[in-house]
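> One structure is given below, represented as structure tokens, and several questions about it will come after.
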Amino acid sequence: MIQLRTWKVVLVLLAAVFGLVFTLPNALPTSVTDHMPALLSKRLNLGLDLQGGSYLLLEVDTDSLHKEQLTNLTEDVRRTLTDGSIGFTGLGVAGDTVRVRLNNQGQVGAATSLLRSKLVQASAQGVRDLNVDAGPDQSVVLSYPAATWRELSASAVQQSIEVVRRRIDSLGTREPTIIRQGLNRIQIEAPGESDPEKLKAIIGQTAKLTFHMLDQDTPLDQAAGHIPPEDELLPSETPSEPQGVLVRRRVIVSGADLVDARVAFDQQGQPAVSLRFNGHGGDLFGQMTAQNVGRRFAIVLDGKVITDPNILGAIPGGTGQISGSFTEETASNLALLLRSGALPAKLNFIEQRTVGAELGADAVRAGAISLGIGAVAIFVFIICAYGLFGVFAAIALLVNVLMIFGAMSITQATLTFPGIAGLILTLAVAVDANVLIYERMRDEAHAGRTPIMAADQGFRRALVSIIDANVTTMISALIMFQFGSGAVRGFAWTLFVGVLTSVFTAVLITQVLIGWWFRVAKPKALPIA
């Protein structure tokens, strides 16, 4: 095992070159790395505690989500019963249920069956996602099971995380940490982003885009006292419509069918947002414009009418344009929001913090000092304890550090302050492996074996203990990474990468160096005996 094989030497040299090449960009100025190939210019991403940035804690408003779900169900019931020619009155939300009273007692059974066939969907386990039951006083009651509400909330949180991630990535913020916290909270750490208000402006807007037809048959002054049930009065951003706009509740096309949104300019040269729909949305948009020439439709964003243009003719092809009182910046932000997708529910900001660059620089300095002190202490100990073999172990440790930084740089991993602690712990674990090997060599030498045999048996018999100890450490690191958050994940990731490189360097590099020493010096005794 102690033989100096060619493949071992080549592997050690490649590992050292890898660590040096991919760690070096972190020590070079930006003016130099900007002219290097992309693969060779990657740097470590510093976490929020090292670089400074913004911290936000958000809560998904699941109550408003439930309310919206019940409102949508109410409109589905209205449309289904109307299409089925079943008369009804008193349709509305009552608590967590939707109730509708039928005009004819004899149609309760038919209405219940119709609503079940049109609105109820069964899961793969055969469980219904909506309960439709006959109620008192010739009514029908619709309610969602508790499991459906839980699934809806969980889905909304996960979807919100993905939408928030896309929006932050579009801002150019590097390596944001976005994780779920508890049942309905989202934690965001954006290193390098010093303005949390900018993040809030982009993240917090729901960006729910819908297209509706206007109700031009009901004058707004008459509707002020009584809005038809199929309509709703929405505020308008158009100055000429301060009282709002009366629109049909039914959504013709929604943002779910949107493929792309970009900044454009209208016929007057003012900033606008051009839209492109998928095939389904394009067909619906084309049908709407073809069937309603001469009428107006409303483009609604987050419950406000942005514009309500007149349809001059059919608009096929699935493209459209939103124009209004936009600046280039507001048009760009709106296009970004629409491209990223709509949030399924409102986000409430619970907490925000800003870590200044000065504090981040202090943390970097403190981390570098602590790492240096820890490394020097380890080097002094191992060299004093084992002499020449301690020098070999110190060389292996240096390659280990280069490999860790190189691996984290090429994978664009984020280094946090706890990650530095994990790096120091990794060095200690690597030294522990060398201690096991060298102590085993010493025992074998005391048992009367020759130096070459003692060294060989030292590596062979210590290897089992080294692998056992490091496997358990890797399992612990994986558990912390999976279930931890923020600083814990940074510590776990550095520890996991460090364990992999430590086993390699502590066993293979020291073995190659000791094998080279045996070939050159041909010793009569081990220097640690």
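The values are calculated or read from the model by the stated rules, or taken from the named source; none is laboratory data. No experiment lies behind these values; they were computed from the predicted model shown. Note: areas computed on protein heavy atoms with side chains; ligands, DNA, RNA excluded. Shrake-Rupley method; radii C 1.70, N 1.55, O 1.52, S 1.80 Å.
> Apply the Karplus parameterisation 6.51 cos²θ - 1.76 cosθ + 1.60, with θ equal to phi minus 60°, to every residue of the stretch 490-495 and state each ³J(HN,Hα) to the nearest whole Hz, in sequence, with x for glycine and proline.
Calculated HN-Hα couplings, in order: x, 5, 5, 5, 5, 5 Hz.
> Hey, of [x] 1.40; [y] 0.97; [z] 1.01, which did the structure itself give for Cα Rg over 2.2 N^0.38 Å when calculated?
Here Cα Rg over 2.2 N^0.38 Å agrees with entry [x].
> Another question, if that's okay. Roughly how many Å² is the accessible area per residue of the stretch 62-149, as a whole number, for a 1.4 Å probe?
52
> Under a 5 Å amide H to amide H cut-off, with H placed in plane at 1.01 Å, what residues pair with residue 260 once short-range neighbours are removed?
Amide H neighbours of residue 260, under 5 Å, 5+ apart: 276.
> Oh, and also: Step through the residues of the stretch 286-298 one at a time and calculate ³J(HN,Hα) from phi using the Karplus curve (6.51 cos²θ - 1.76 cosθ + 1.60, θ = phi - 60°), rounding each to whole Hz and writing x for Gly and Pro.
Coupling constants for the stretch 286-298: x, 5, 4, 6, 5, 8, 10, 4, x, 9, 9, 10, 10 Hz.
> Additional query: Just from its helices, what would the mean residue ellipticity at 222 nm be for the chain, if runs of 4 or more DSSP H residues each count -39500 (n - 2.57) and the sum is divided by every residue, rounded to the nearest 500 deg cm²/dmol?
Dividing the helical sum by the residues of the chain leaves -17000 deg cm²/dmol.
> May I pose another question? Under 16 Å between alpha carbons, and skipping anything fewer than 8 positions from residue 522 in its own chain: which aspartates and glutamates qualify?
Leaving aside aspartates and glutamates fewer than 8 places away in the same chain, those within reach of residue 522 are 456.
> Same structure, new question: Taking a 18 Å limit on the Cα-Cα distance, which of the listed pairs 67/346; 304/346; 118/208 fall beyond it?
Pairs exceeding the cut-off: 118/208.
> Under 5 Å between amide H atoms, partner at least 5 residues away or on a different chain: which partners does residue 231 have, H built in plane at 1.01 Å?
Those qualifying (amide H under 5 Å, at least 5 residues apart or on another chain) are 249.
> With a probe of 1.4 Å, find how much accessible area the stretch 248-343 has per residue, and write the answer as a whole number in Å².
49
> Another question, then. Pop out the ³J(HN,Hα) list for the stretch 398-410 in order, Karplus 6.51 cos²θ - 1.76 cosθ + 1.60 with θ = phi - 60°, rounded to Hz; leave Gly and Pro as x.
Values, residue by residue: 4, 5, 4, 4, 4, 5, 5, 5, x, 5, 6, 6, 5 Hz.
> Summarise the accessible area of the chain (1.4 Å probe, protein heavy atoms) by the percent that is carbon and sulfur.
58
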